[in-house]
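In what follows, a single structure is set out as structure tokens and then discussed.
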Amino acid sequence: MTVAELEQGIPSPGTRGSGTADSDPLRRPGDLARTFQLVVATLWLLDGVLQIQPLMFTPGPRGLSGMLRRAAGGNPGWIAHTITWNASLVDHHPVLANTAFALIEFLIGFGIVWARTRKAALALSILWSLGVWWFGEGLGALFSGNATPFGGGPGGALFYAVIAVLLWPSARSDGPFVAAQTLGVRTAKIIWVVVWAILAVLSVVGASRSPQMLSDLVNDLNTGEPGWLAHIDRFGSALFLNDGTALAILLSAVCLVVAVGVFLTPHLTRATIVLAVVVFGLIWVVAQDVGGVLAGGATDPNAAPLVILFALIYWPVTSTATS
């Protein structure tokens, strides 16, 4: 290896292709962490673009303030009051408020891309996500009993915050998976289990237990979608009719299997992550209508893509895992 290669961090020809995690740039957690950060940045930029739709600048129940007011439904009185108070402020100044919201999301997205502002942008994303989760998503409908993962519970904004913590820049570039770089293996695994356990519980509580839950959910979202997606909705609604309870139990079981997957061998862990990606990919298309992005009026792509991203951050990149 030459001096120039040492200074640039470029391996010499003799060290390339050795098959180890260190010599394969696609298997280095540090490189994967950067890739995931860029994915998060892209999602924030998408949210910013969705925020500047003409509908969002419209006052009244058909605009952003109306969407915010609907998030108050089912929450305890004092929580609902804070949400409606925020909605009133937005309703009185829709252009100013929505412009500020969009600028914040663009700022987060571009800030994550630039190395010098990455930490500040991730910190802002955590604060902003929690605010959106409270005022924009009504705490993910946890108190209304409608926080089923089929519909996006416990809220996509909450996953933004969790993912930002897991992808916080770290001096470490090793570990069995990307999420372990900042928090360590043990803490990262605890977060994994807690998240999937919450999803498992939310799958079978409240409205999730209704036999017609999933069919009603698909019907409610079937507005303004392109023809091919509306066809999927009609097919799904008929297929899921009266089977909501069974599918809720099945989803809960899948979440529990995925929860323990992080403690298995790397090959089995990868299999459970693939299972999670496939299941929530189907949920995103069939139950969440790709977040309503194609129908207009959506402010984000819903929670399923973020659940998938969260799962991929735990993809094993080494042949052995430590506890």
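Quick notes
- Loop-resident sites, region 136-211, for chymotrypsin sites (Phe, Trp or Tyr not before Pro), counting at most 11 other Cβ within 10 Å (DSSP): none
- Estimated FRET transfer efficiency (Thr187, Thr245; beta-carbon r; R0 45 Å; 0.05): 0.80
- Size estimate for region 93-206 follows the Kirkwood approach: the inverse of mean 1/r over distinct Cα pairs works out to 15.6 Å.
- The gain in end-to-end length when the Val113 to Val274 segment is fully stretched comes to 55.2 nm, 0.36 nm per residue minus the alpha carbon separation.
- Against the compact-protein benchmark of 2.2 N^0.38 Å, the Cα-based radius of gyration of region 44-123 scales to 1.25.
- Kirkwood Rh in Å, taken over all unlike Cα pairs in region 246-323: 13.6 Å
- 10 Å-binned pair-distance histogram of region 67-108 (Cα, whole percent): 30, 41, 28, 2
- Between the C-alpha center of region 251-269 and that of region 124-172 there is a gap of 22 Å.
- Three principal axis lengths of region 81-142 [C-alpha, angstrom, descending]: 39, 30, 12
Just so you know, all these numbers are worked out from the coordinates, no wet-lab data involved. Keep in mind it's a predicted model, so treat the numbers as computed, not measured. With ideal geometry, Cβ positions are generated from the backbone for all residues, glycine too; neighbour counts draw on all protein chains shown.
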